[in-house]
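Only one structure is covered here, and it is reproduced in the block below.
Each reported figure results from applying straightforward, stated rules to the coordinates on display, with no laboratory input. Everything numeric here is computed off the predicted structure, so don't read it as measured data. Here the Cβ positions follow ideal geometry from the backbone for every residue, glycine too, while neighbour counts run over all protein chains shown.
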Ligand SMILES: *Cc1c(COP(=O)(O)O)cnc(C)c1O
């Protein structure tokens, strides 16, 4: 087998086990597996892996950094849906708006405005998820705090996205806090999602769950899980 064949086999096996985990979690939660979309987070892995994943049937991929995301998007043309899931600087928003389809990490008004301008400049429309910070109050002084809007600022930010011309408010995204039970955090996210949908019924997406906590996320109602390591293997450290 060539190295490429070997990698293809490895990715196929890992992908199968992640799909089996999602299927089992759906069965336990009484949900249909097709109601949960797998986004494979390919940050730090080469474009060749993205192409292999596409050939194995993956349709959604996630990236966390510009320009790495842009370069892979340019190298792999398989009609994939590209999600941006990482912390996004305002001055990179216009560039990201030119090649991503979904921006999951929108957590402040300045970023909404910058994405709207970027989408207009490139004559594109974008799906946007508002990222919510699920750290319990009191953890906020912690080093390495997760990004995301505080829950009490969510509705104002969601309204701002919905008021733009080119950004579609598609739902919410969150990362489980480091030192808390993910099940409890995702239940909280689900409650916030329900409140959001009272005002914005089309905001159907709840993006939650990573390699270590996808079961809890599916149980809580996640419509999208974002999986990196469980499909691709341990990633090289971020520079
Ligand atoms: C890297 C990343 C993931 C995937 O994490 P794994 O633990 O590798 O599954 C999901 N969501 C976000 C926001 C990420 O940055």
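Filter the stretch 23-49 down to residues that are outside any helix (DSSP H, G or I), more than 16 Å from the ligand (Cβ to nearest atom) and touching a helix residue (DSSP H, G or I) at 6+ places or on another chain (Cβ under 8 Å), then give me how many there are.
Summing the residues that are outside any helix (DSSP H, G or I), more than 16 Å from the ligand (Cβ to nearest atom) and touching a helix residue (DSSP H, G or I) at 6+ places or on another chain (Cβ under 8 Å) in the stretch 23-49 gives 2.
Filter the stretch 181-201 down to residues that are in contact (Cβ under 8 Å) with a residue 40 or more places away in the chain and away from the ligand (no atom under 16 Å from the Cβ) and give me whichever is farthest from residue 38 (Cα to Cα).
So, considering only residues that are in contact (Cβ under 8 Å) with a residue 40 or more places away in the chain and away from the ligand (no atom under 16 Å from the Cβ), the one farthest from residue 38 (Cα to Cα) is 199.
Does residue 161 satisfy the criteria of being within 16 Å of the ligand (Cβ to nearest atom) and in contact with a strand residue (DSSP E or B) (Cβ under 6 Å, 6 or more places away or on another chain)?
For residue 161, the condition - within 16 Å of the ligand (Cβ to nearest atom) and in contact with a strand residue (DSSP E or B) (Cβ under 6 Å, 6 or more places away or on another chain) - is not met.
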